[in-house]
Amino acid sequence: MSASKRKNLNKMEVDQKDDDSSSSEESEDEIHPDAYTGNEEVQIDFEGRTPVDPDTQGISQLLQRLFLRAHINCNQMADLIIAQNHVGSVICQVDDDELESETDDNMVEEGTVFGITSVLNLSAKKDQPSVSQLRTYLLDRAKSHASEAALEQLSYLLDNEEQPHLGFLINERFINIPAQICVPLFENLKMEIDHAKTKQMKFNFGTLLLLVKFFRKQAKKGQPAEDIYTNDEDELLSERAKFSFEWSVASECDSGMSGDWLEGDAVMTPYRKLLALDAKQFPQLIKDIQSYINK
């Protein structure tokens, strides 16, 4: 596949609105002075395309948001993703002089990578430094936070070198990019994996591991705790996982990410969750995600 080939994505909008529609009806003395009361909408046309060398830094930054302070070489992992120029996509702003854009040129830096959807072979690439670090990271977290059954299953998957292999699914994007964008990205990834397998390339996966981000809203005033996923589709995938385990990353985040909450707000604690997905069910999962996010 040509590195310049565009992959079809629907036109998306980044919508940054105040979630509380009733806020405009509140009196000024009831609104916290630090609360956001604006109503901004930025319209951007996105395209999915094959990752190329200039995308290294952008992909690395997205990975760093996922792994936080983990000892994982995100730059080297980004290079591995780009080297698979036949599999995976990055989300970028459409660069077309013929299209009129309402976006302020100063708001979006040229060449910004808004998201990455790809997969790495944790079995075949285990000797690569970043993959070895990722394997150690996941196993260490499992030893500390997973059930005995989940730890046993993960250890088996990591130790097994026979095909089908173990894959690490990457599905990262900027917050507020609509979840609908993941469907064509996943569909493209599935087609590219299938094409790679016809060429006897090492993309025959039995299980896909996916590390997802969510916040846990603490129980307050009789309300139960609530989990809010950064990517909406991850909630459905969590329900379909063969096994999973989670851990808090509050100690690994700066104050801006872990929550410098206004007085009266429920505390939101950042978490990570590792999902083990059946690779054979990936096509059906894509269909289910489409139905789920279109409700």
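All of the numbers you see were taken from the coordinates with simple rules; none came from a lab. On a predicted model such as this, the values are computed, not experimentally measured, just so you know. Methodologically, a virtual Cβ is constructed for each residue, glycine included, from the backbone with ideal geometry; neighbour enumeration extends over all protein chains shown.
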Checklist entry - By how many nm would the segment from residue 280 to residue 295 lengthen if fully extended, with 0.36 nm per residue of separation less the alpha-carbon distance? => result 2.9 nm
Checklist entry - Out of region 134-214, which GluC sites (Glu not before Pro) are coil in DSSP terms and have no more than 12 other C-beta atoms within 10 Å? => result 161, 162
Checklist outcome for this item: In whole Hz, the Karplus estimates of ³J(HN,Hα) for region 186-194 (6.51, -1.76, 1.60; θ = phi - 60°; x where Gly or Pro) are 5, 4, 4, 4, 4, 5, 5, 5, 4
Next on the checklist: On a full-extension model of 0.36 nm per residue, what is the gain between residue 52 and residue 174, subtracting their alpha-carbon distance, rounded to one decimal in nm?
Outcome noted: 42.0 nm
Next on the checklist: Counting just the Cα atoms, what span does region 179-234 cover along each of its three principal axes? Round to the nearest Å and put the largest first.
Outcome noted: 58, 23, 11
Checklist entry - Whole-Hz Karplus ³J(HN,Hα) for region 140-145, in order, using 6.51 cos²θ - 1.76 cosθ + 1.60 and θ = phi - 60°, x for Gly and Pro? => result 4, 5, 5, 4, 8, 10
Checklist entry - Under a Cβ-Cβ cut-off of 12 Å, what is the net charge of the residues other than residue 294 that fall near it, where Lys and Arg count +1 and Asp and Glu count -1? => result -1
Checklist entry - So, in nm, how far is label residue 132 from label residue 248 when the simple model puts each one 7 Å beyond its Cα toward the Cβ? => result 3.4 nm
Next on the checklist: Let me confirm the definition first: pairs of Lys residues in region 148-242, 8 or more apart or on different chains, C-alpha distance under 27 Å. How many are there?
Outcome noted: 9
Item to check | Paramagnetic reach from residue 75 (point 7 Å along Cα→Cβ, amide N under 15 Å) across region 213-255 | outcome: none
